[in-house]
Amino acid sequence: MTTNIAVLVSGRGSNLQSVIDNIESGYIRDARIAVVISDVGDAYALERARKHGITDVYIDPSDYASKQEYEKEMMEVLKDNDTDLIILAGYMRLIGKELIVTYSNRIINIHPALLPSFKGLHAQQQAFDYGVKVSGCTVHFVDEGMDTGPIILQRCVPVLDTDTTDDLAARILIEEHRILPEAVKLFVEGKLKVEGRIVVHIN
Ligand code: GRF
């Protein structure tokens, strides 16, 4: 059976691209991106979707009286596309309770730091300013907290003395583009089991 994926984005969409490329190459099998949804009208990610013949939807949050109403509309789009898995790929909003409950353990996020350190915005900058000697990225299931859900995969990168924040962010991004498709593949193949906050990888 094909896993229908919805990708939520707000920006340039390089992580979206990594999933598209890994589906097209056959690394991730039995899955398709059914829809890309953005809360930003001119997000380059939407352009990337169109280039690959993927349905793109812009939902303007300011058209809705509340976050609940906005997400109700999003749930309609997700339902219309028979969504099995939601990927947050640079989606800059916290997901509301109803969506999380409806898609429990079926929403994954990519974060550019080694959680639980450096949650929230500008994680690479936070890590750089703190002076850590290693950083990295995390793919995790999404729960109601901010970047607090069960961890699926993490990858480390060194922080070099000569680095700028941009150097570090670029090194982390390379690993993001590897572990997000890896996590999607594990999910699609039914190899992830969530036990409390521990994600067990089934062989
Ligand atoms: C990535 O660094 C991701 O980890 C974070 O937002 C950024 C999105 O980049 N959540 P892109 O839009 O995927 O290029």
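The values are calculated or read from the model by the stated rules, or taken from the named source; none is laboratory data. What you see is a predicted model, and the numbers here were worked out from it, not measured in a lab. Methodologically, a virtual Cβ is constructed for each residue, glycine included, from the backbone with ideal geometry; neighbour enumeration extends over all protein chains shown. Only protein heavy atoms, including side chains, enter the accessible area calculation; ligands, DNA and RNA are left aside. Shrake-Rupley method; radii C 1.70, N 1.55, O 1.52, S 1.80 Å.
Of the numbered criteria (1) within 15 Å of the chain's Cα centre (by Cα); (2) open to solvent by 50 Å² or more (accessible area, probe 1.4 Å), the one Y103 fails is (2). The number of residues in the stretch 42-51 being more than 15 Å from the ligand (Cβ to nearest atom) and not charged (D, E, K, R) comes to 0.
Note on the stretch 156-181: residues that are open to solvent by 50 Å² or more (accessible area, probe 1.4 Å) and within 15 Å of the chain's Cα centre (by Cα) total 3. Would you check if L121 is open to solvent by 60 Å² or more (accessible area, probe 1.4 Å) and either modelled with pLDDT of 95 or more or under 19 Å from N15 (Cβ atoms) (or both)? Answer is yes for this residue. Candidates are the residues of the stretch 95-133 that are among the hydrophobic types (A, V, I, L, M, F, W, C) and within 26 Å of N4 (Cβ to Cβ); the one that is farthest from the ligand (Cβ to nearest atom) is V101. For the stretch 126-143, the count of residues that are in contact with a Phe, Trp or Tyr (Cβ under 6 Å, 6 or more places away or on another chain), open to solvent by less than 30 Å² (accessible area, probe 1.4 Å) and either in the same structural domain as Y91 (by TED's automatic domain parsing) or small (G, A, S) (or both) is at least one. Report yes if some residue within the stretch 83-92 is free of Cβ contacts under 8 Å to residues at least 60 places away in the same chain and out of contact with any Leu (no Cβ under 7 Å at 6 or more places or on another chain); otherwise report no. Scanning the stretch 83-92 turns up no residue that is free of Cβ contacts under 8 Å to residues at least 60 places away in the same chain and out of contact with any Leu (no Cβ under 7 Å at 6 or more places or on another chain). Take the conditions (1) touching a His at 6+ places or on another chain (Cβ under 6 Å); (2) farther than 24 Å from G190 by Cα; (3) of a type in the set (S, T, N, Q); T138 misses just one of them, which is (2). Selection within the stretch 1-38: residues that are assigned to a helix (DSSP H, G or I) and charged (D, E, K, R). The member of this set that is surrounded by the most Cβ atoms within 10 Å (Cβ to Cβ) is D21. All of C137, C156 fail the test of being without any contact (Cβ under 8 Å) to a residue 60 or more places away in the chain and within 11 Å of the ligand (Cβ to nearest atom), apart from C137.
Figure legend. Inter-residue proximity from the stretch 1-19: first residues not assigned by TED's automatic domain parsing to the domain that holds I174, second residues within 11 Å of the ligand (Cβ to nearest atom) and of a type in the set (S, T, N, Q), beta-carbon distance below 9 Å, spacing 6+ or different chains. Indicated pairs: V7/N15; L8/S38; V9/N15; V9/S38; S10/S38; G11/S38; G13/S38. Scanning the stretch 148-203 for residues that are closer than 28 Å to V132 by Cα and among the aromatic types (F, W, Y) yields a count of 0. Against the test of being within 29 Å of R197 (Cβ to Cβ) and open to solvent by 20 Å² or more (accessible area, probe 1.4 Å), the options P112, P61 yield a single qualifying residue, P112. The single residue among M146, M92 that is in the same structural domain as V7 (by TED's automatic domain parsing) and either within 13 Å of the ligand (Cβ to nearest atom) or not acidic (D, E) (or both) turns out to be M92.
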